[in-house]
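Data first, discussion second: the structure below is written as structure tokens.
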Amino acid sequence: MAIATATNLYTSYSPITTKTRNNKSVSIPLQPGAYISRHVKFAVPTQKRTTLSISAASTTAIQVDGPTTSSKASKTLPFRVGHGFDLHRLEPGYPLIIGGIDVPHDRGCEAHSDGDVLLHCVVDAVLGALGLPDIGQIFPDSDPKWKGAPSSVFIKEAVRLMHEAGYEIGNLDATLILQRPKISPHKEAIRANLSELLGADPSVVNLKAKTHEKVDSLGENRSIAAHTVVLLMKK
């Protein structure tokens, strides 16, 4: 198989002509686009300098070296999706705070901060959507200044980072998993407070609660967990 290589600096509609070793001529219009003929199939990018590798056989094939688009994904996306999860042990002697609301119960979350499992997983969902480190890296439990801190501090920082990146809440869906207490009497207060902390309309913030059918620590009232999925929209 004969091989020939041609390099040409061209303008949008200029053809180039090159010969292979068996003296066959190939004329190539270099208008950006894709071309197919009986002997030639090739694509031309929009960039100005292109290297062509030409092989002559029963069918002449031409390959354009170099990508037609950047291999790097754009950092500015119209929307981003994040997921958050958190779980805490329930122990006597602690308040049970969910979504910034004090829920009456005989036990609460044992944690370095106030142990608000819902706000923690919402923070992680927002940070994850932005491609940032998780809540444990930004607010480490090894730092004494976060000891007993209200989780509203964490969520306000996540919201600040979200706005700084040019995004706002598209919608958020959260699920609480706990055997007791019943969340339904407190659900609207939790949702309203969460919406206010996020600076979002309550219509785009959804909250569900599930038991764990008395299975494992969640079902035995020894722990509480939460999942959150968030959609961030470009402003």
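Some points to look at:
- Matching residues in segment 89-113 - criterion: being in contact with a strand residue (DSSP E or B) (Cβ under 9 Å, 6 or more places away or on another chain) and open to solvent by less than 30 Å² (accessible area, probe 1.4 Å): L90, L96, I98, G99, V103, G108, C109, A111
- Odd one out for V215 among (1) modelled with pLDDT of 95 or more; (2) over 19 Å from C121 (Cβ atoms): (1)
- Among the criteria (1) outside any helix (DSSP H, G or I); (2) open to solvent by less than 60 Å² (accessible area, probe 1.4 Å); (3) over 22 Å from K235 (Cβ atoms), the one C121 does not fulfil is (1).
- Residue selected from segment 193-228 under the condition of a type outside the set (G, A, S) and in a strand (DSSP E or B), by the criterion surrounded by the fewest Cβ atoms within 10 Å (Cβ to Cβ): K208
- Evaluation of A57 against (1) at pLDDT below 95; (2) open to solvent by less than 30 Å² (accessible area, probe 1.4 Å) (one fails), failing number: (2)
- Within segment 176-192, if we keep just the residues that are in contact (Cβ under 8 Å) with a residue 40 or more places away in the chain and out of contact with any helix residue (DSSP H, G or I) (no Cβ under 9 Å at 6 or more places or on another chain), the residue that is least open to solvent (accessible area, probe 1.4 Å) turns out to be P181.
- Of the set (1) closer than 24 Å to K210 by Cα; (2) assigned to a helix (DSSP H, G or I), all apply to G115 but (2).
- The requirement of being of a type outside the set (G, A, S), open to solvent by less than 20 Å² (accessible area, probe 1.4 Å) and in contact with a strand residue (DSSP E or B) (Cβ under 7 Å, 6 or more places away or on another chain) is not satisfied by I155.
- Of the residues making up segment 165-175, those that are open to solvent by 30 Å² or more (accessible area, probe 1.4 Å) and either in a loop (DSSP other than H, G, I, E, B) or of a type in the set (D, E) (or both) are A165, E168, D173.
- G128 being at pLDDT 95 or above and open to solvent by 10 Å² or more (accessible area, probe 1.4 Å): yes
- Any hit, segment 139-151, residues being within 19 Å of L176 (Cβ to Cβ) and part of a loop (DSSP other than H, G, I, E, B): yes
- Complete set of residues in segment 114-132 that are farther than 20 Å from I169 by Cβ and within 18 Å of the chain's Cα centre (by Cα): none
The values are calculated or read from the model by the stated rules, or taken from the named source; none is laboratory data. Treat the numbers as computed from the prediction; the structure is a model and nothing was measured. Methodologically, a virtual Cβ is constructed for each residue, glycine included, from the backbone with ideal geometry; neighbour enumeration extends over all protein chains shown. Side chains are part of the model used for accessible areas, which takes the heavy atoms of the whole protein and leaves out ligands, DNA and RNA. Shrake-Rupley method; radii C 1.70, N 1.55, O 1.52, S 1.80 Å.
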